[in-house]
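A.B. asks: What follows is a single structure, and I will ask about it in a moment.
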Amino acid sequence: MTTLPISTGNAKPRATTKGRNSGLVTVWQAWTARRRQRAALARLDMHLLKDIGVDARTVSDEVAKPFWID
């Protein structure tokens, strides 16, 4: 069984696997980052959304996507 170190903050987890499992680790990291980013987007208030030029409908559509969809 292969373990990954726990990541804190913006640190990227390092894969401890070699070969074909490294692709799985890469996918897992992308999914985790996408889930975290969508959760952060959902927490922004209307004032901040207006500042970055995003409307509520766009946020709603993005947050509703499953983590495996880019």
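A.B. asks: Assuming ASP45 fulfils every condition listed in (1) of a type outside the set (Phe, Trp, Tyr); (2) exposed (fewer than 11 other Cβ atoms within 10 Å of the Cβ); (3) at pLDDT below 90 apart from one, which condition is it?
C.D. replies: (3)
A.B. asks: Say we look at the range 10-34 and pick out the residues that are more than 15 Å from PHE67 (Cβ to Cβ), of a type in the set (Val, Ile, Thr) and out of contact with any helix residue (DSSP H, G or I) (no Cβ under 7 Å at 6 or more places or on another chain); which of these is modelled with the highest pLDDT?
C.D. replies: So the residue we want is VAL25.
A.B. asks: Here is a check on your reading of the model: is ALA56 at pLDDT 95 or above, loosely packed, with under 12 Cβ neighbours inside 10 Å and either in contact with a Pro (Cβ under 8 Å, 6 or more places away or on another chain) or hydrophobic (A, V, I, L, M, F, W, C) (or both)?
C.D. replies: No, not satisfied.
The values are calculated or read from the model by the stated rules, or taken from the named source; none is laboratory data. Since this is a predicted model, take the numbers as computed values, not measurements. Heads up, the Cβs are rebuilt from the backbone with ideal geometry, glycines too, and the neighbour counts pull from every protein chain shown.
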